[in-house]
Amino acid sequence: MTLYRFLAEGMFLGFIVLIVFGGMLTVWSRLLMHAVLGLAVVFIGVAGLFFHLGSPFMAMMQVLIYVGAVCVMLVFGIMVGHSPTETDQLRWSGNNFLLASGTCIAGFILLSATLIRTHWTAAAERVGDYSMQHLGHAFLHQFVLAFELISVVLLIAILGAIIIARPPQETDPS
Amino acid sequence: MMPSDHLTTYLMIGAFMLFVGLFGMIRHRTLIGMLICVELILAGAGVNFMAFNYFVAPDPAVGQAFTLFILGIAAAEAAIVISLVIAIHRRFHSVDPQAINELRG
């Protein structure tokens, strides 16, 4: 066990703290801007976990797409929709808060108990490695149809977003 | 064995993100706030895929490809939902789901 291993482990715990803190900020903040900030913190923590799971490429994509694109888009949505200082005030009535939090906590405990008791068996033999070369090869051979379809889906989503968000055209009565 | 060597640690982080996102969807009272929590749930799914990919999958490219597809779907979904929110705000002047209860055929 070297010093670097302990450092990596400390950073792993730090990423978990980032995820928990960001998740709480996302849920509990009264301003939507703070919720987006918490979401960005969660995504940075998840990117750190991807580093630990052996894929720096996915970590970079996580930061690039989620933190760089999705969060900025959400901020735009907030600024367009309503005033950024407007509170996302909750109106819990009666026991709704207890019901909601109780359901979520009970679900988390049940799922965690199941996860801890389950024994996962690793695959007998591993093929390939974590290199970009292998991933690119898989994309253009094994997953080529899904890879093309996801680009079509993105294109259609962008076109659909433009059409939906466009102001309604004044139709000419003549 | 350190915590980062166990599959269960990562799966529990994914479960935490799922239930925090679920609670946030109940708690937030605007469409954008609910969208933020959906993104949280999708990121938790990505963590699960990467963890299974690292610990049990035979080919490490499969999980990474799936996580990339989830990233793409999440980006497309966010774009569509935000354009819907803009359209709803233009018509109803509100993004409160309680206020949007009127259909005009």
Task: Those residues of the stretch B:11-37 which are facing another protein chain (nearest Cβ under 7 Å) and at pLDDT below 90, in sequence order - done: B:Ile26, B:Arg27, B:His28, B:Arg29, B:Thr30, B:Ile32, B:Gly33
Task: Test set (1) at pLDDT 90 or above; (2) open to solvent by less than 30 Å² (accessible area, probe 1.4 Å) - A:Phe51 fails condition number - done: (2)
Open item on the list: Looking only at the stretch A:111-132, filter to residues that are within 8 Å of another protein chain (Cβ to nearest Cβ) and in a helix (DSSP H, G or I); which one of those is most open to solvent (accessible area, probe 1.4 Å)?
Closed with: A:Ile116
- [ ] Search the stretch B:42-83 for residues being in contact (Cβ under 8 Å) with a residue 24 or more places away in the chain and within 30 Å of A:Gln169 (Cα to Cα), and hand back the single one that is most open to solvent (accessible area, probe 1.4 Å).
- [x] B:Ile73
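The values are calculated or read from the model by the stated rules, or taken from the named source; none is laboratory data. Here the structure is a predicted model, which means the values were calculated and not measured. For neighbour counting, all protein chains shown are included, and Cβ atoms are generated from backbone atoms with ideal geometry for every residue, glycine included. Calculation scope for accessible area: heavy atoms of the full protein, side chains included, ligands and nucleic acids excluded. Shrake-Rupley method; radii C 1.70, N 1.55, O 1.52, S 1.80 Å.
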